[in-house]
Amino acid sequence: MLTNFIITVAVFSFMEGVAWFTHKFVMHGFLWVLHDDHHKKEHSNFLERNDFFFLIFAIPGIILLYLGLDNNFNFLFFIGLGITLYGMAYFFIHDLFIHQRLKVLRNTKNKYFLNLRRAHKKHHKHTGRLNGEYFGMLYIPRKFNQKS
């Protein structure tokens, strides 16, 4: 039981590095064609080409959940659970809180969440593929932290 919890938390934490690496080198690299509309100020549709990354990230989690479930909740299930929980956190924080795709979670005074929003806005200040900064989601480098 404790091992399963540790696996889930470790994979969830590891996904921050995966998300950073993928965002910097894949989304701002050879798959910029899918990500570029996310950096445009105006959106003509509720959905963006960038939303395909949801599927790209969800598929391994779903497969691992299924394989682990099919094998009596073995370690694969808990790896898939860590990936899936990170995906859920990404949706709530990035899409709902930061980008306000649904008008919820607007009025927070929490310093961590305000710094998260500030860092992400710095990232979107660069509308092109190059010269970006802050590619993560949950970890905020010190230079983006403000006291208020």
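Here, each number is a calculation from the coordinates, and none is a lab measurement. Predicted model, so just to flag it, every value in this text is computed and none were measured.
Judged by the ratio a/c of the largest to the smallest principal axis of the C-alpha gyration tensor, region 2-107 counts as prolate, that ratio being 1.5 or greater while a/b is larger than b/c. Computed from phi, the 3J(HN,Hα) profile of region 64-71 under the Karplus parametrisation 6.51, -1.76, 1.60 (θ = phi - 60°) reads 5, 4, 5, 4, x, 5, 5, 10 Hz, with x in place of Gly and Pro.
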